[in-house]
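Have a look at the structure below, then the notes.
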Amino acid sequence: MKKIVLTGGGSAGHVTPNLALVPELRRRGFEVYYIGSYEGIEKDLVEAEQIPYTGISTGKLRRYFSWKNFTDPVRVLKGFKEARERLKEIRPDIIFSKGGFVSTPVVGAAHQLDIPVILHESDMTPGLANRLSFPYASRCLCSFPETLSRLPKEKSYVSGCPIRAELAEGSREAALRFTGLSGEKPVLMAMGGSLGSVALNTHLRAILPRLLERFDVIHLCGKGRLDETISLPGYAQFEYVSEEMKDLFALADFLISRAGANAICEFLFLKKPNLLIPLPLTQSRGDQILNARSFEKQGFSAVMEEETITDDGLFEALETLYASRDQYIAAMEQSNQSDAVTFICDMIESLCGKES
């Protein structure tokens, strides 16, 4: 049986794309293992999927002064030795890395043992861990065409971001029961991330009476951001949902959202027309702005900058988006980024048994 080791950690964004590959890898006959940090977020997520998990010592890769910069290299070296020993035990055919500080010693150990490595970068600009690992990779994959210019030219490809297939298996009927909506109108879903977006929430609620004349609205407003004073037919608000998300996606006809890489790749995978309001530079390093502009350029999304939003402007943009929804769906259907799981698993199989 073929064996693969997945690695990546530090945030859910470094783990969930790995987990999205697991069902297809298993279907193709792979035995799947995971190497992460001792107690990182990845540990619980991976073990919940019944994947053999090995924790190694890690040190954060910092580009700023910290006293930990003097001790973390020792932790990284220890992690390299631990990863090397575990890889010698497993003897995998290939490594797939999603980046994060835990991946660097694993990739380095794989290179030393002549195990092929595939790296994947979700964000528009590569993270430090992936940049350090580029020389040891057989292939470098990314979610956005613009990222290719920042990757090693001779071995890099646009794959899109791996998305859990189960997201496409939601039930519209289950969502209607969960939300209490009638299903008689088109449905707009608004989501601002787990913490919510004050700007999005404020402007959306200001135009609710007008929106509800034509649409039902599902509003994922963020922890602590429910407005109990609003009780309008056709409006369902929640702080956050998890298990029900696939059902809400099945019910939603179009979306308004922030522009995190994983979220917008989910919209592409599901072919959901969307209006993106990226985090402004005052609140981020600008990666969501780059993400949104890439999807706008490819015809997948409409975009509004938070600084320019007005109530009337938002209402008009949503009406225009819905009226043009077929145009956006057609562009997404033409994309080769929407089935990243198949693309990546095909590449994994093609490299098995080859030296890096």
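Does segment 297-312 contain at least one residue that is surrounded by 18 or more Cβ atoms within 10 Å (Cβ to Cβ) and farther than 27 Å from Gly127 by Cβ? Scanning segment 297-312 turns up at least one residue that is surrounded by 18 or more Cβ atoms within 10 Å (Cβ to Cβ) and farther than 27 Å from Gly127 by Cβ. Residues that are touching a Phe, Trp or Tyr at 6+ places or on another chain (Cβ under 8 Å), modelled with pLDDT of 85 or more and of a type in the set (Val, Ile, Thr) do occur in segment 83-92, at least one of them. Looking at the structure I just gave you, is Val106 crowded, with 22+ Cβ neighbours inside 10 Å, modelled with pLDDT under 95 and touching a strand residue (DSSP E or B) at 6+ places or on another chain (Cβ under 8 Å)? Judged against the criteria, Val106 is not a match.
Listed here are the residues, each with its yes/no results for (1) buried (at least 22 other Cβ atoms within 10 Å of the Cβ); (2) under 27 Å from Pro278 (Cα atoms); (3) touching a Leu at 6+ places or on another chain (Cβ under 8 Å).
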{"residue": "Cys161", "(1), (2), (3)": "yes, yes, no"}
{"residue": "Ala168", "(1), (2), (3)": "no, yes, yes"}
{"residue": "Ser171", "(1), (2), (3)": "no, no, no"}
{"residue": "Pro186", "(1), (2), (3)": "no, yes, no"}
{"residue": "Gly192", "(1), (2), (3)": "yes, yes, yes"}
{"residue": "Asn201", "(1), (2), (3)": "no, yes, no"}
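Applying the criterion of being among the polar types (S, T, N, Q) and crowded, with 24+ Cβ neighbours inside 10 Å to the residues of segment 109-132, the residue that is nearest to Ile163 (Cα to Cα) is Ser122. Which of the residues spanning segment 3-17 are at pLDDT 95 or above and either more than 24 Å from Thr58 (Cβ to Cβ) or not charged (D, E, K, R) (or both)? Answer for segment 3-17, where residues must be at pLDDT 95 or above and either more than 24 Å from Thr58 (Cβ to Cβ) or not charged (D, E, K, R) (or both): Ile4, Val5, Leu6, Thr7. Residue pairs whose Cβ atoms lie under 9 Å apart, separated by 6 or more positions or on different chains, with the first residue in segment 340-353 and within 12 Å of His120 (Cβ to Cβ) and the second of a type in the set (S, T, N, Q) and surrounded by 13 or more Cβ atoms within 10 Å (Cβ to Cβ), are Ala340/Ser143; Ala340/Ser159; Phe343/Ser159; Phe343/Gln337; Ile344/Ser159; Met347/Ser159. Beta carbons closer than 8 Å, at least 6 apart along the sequence or on distinct chains, pair a first residue in segment 143-157 that is free of Cβ contacts under 8 Å to residues at least 24 places away in the same chain with a second that is assigned to a loop (DSSP other than H, G, I, E, B) and hydroxyl-bearing (Ser, Thr, Tyr) for Lys155/Ser138. His219 meets the conditions (1) at pLDDT 95 or above; (2) surrounded by fewer than 17 Cβ atoms within 10 Å (Cβ to Cβ) in every case but one. The failed one is (2). When the helices (runs of 4 or more DSSP H) confined to segment 112-214 are screened for residues that are at pLDDT below 95, among the small types (Gly, Ala, Ser) and out of contact with any helix residue (DSSP H, G or I) (no Cβ under 7 Å at 6 or more places or on another chain), none reaches at least 1 such residues. Taking every residue in segment 295-308 that is in the same structural domain as Ser324 (by TED's automatic domain parsing) and free of Cβ contacts under 8 Å to residues at least 24 places away in the same chain and pairing it with any residue that is β-branched (Val, Ile, Thr) and surrounded by 14 or more Cβ atoms within 10 Å (Cβ to Cβ), at least 6 positions away or on another chain, the pairs with Cβ-Cβ distances below 6 Å are Glu296/Val303.
Can you report the number of residues in segment 226-240 which are in a loop (DSSP other than H, G, I, E, B) and buried (at least 18 other Cβ atoms within 10 Å of the Cβ)? Qualifying residue count for the region: 1.
The values are calculated or read from the model by the stated rules, or taken from the named source; none is laboratory data. Remember, it's a predicted structure, so these values are computed and weren't measured experimentally. Positions of Cβ are generated from backbone atoms using ideal geometry, with glycine treated the same way; all protein chains shown enter the neighbour counts.
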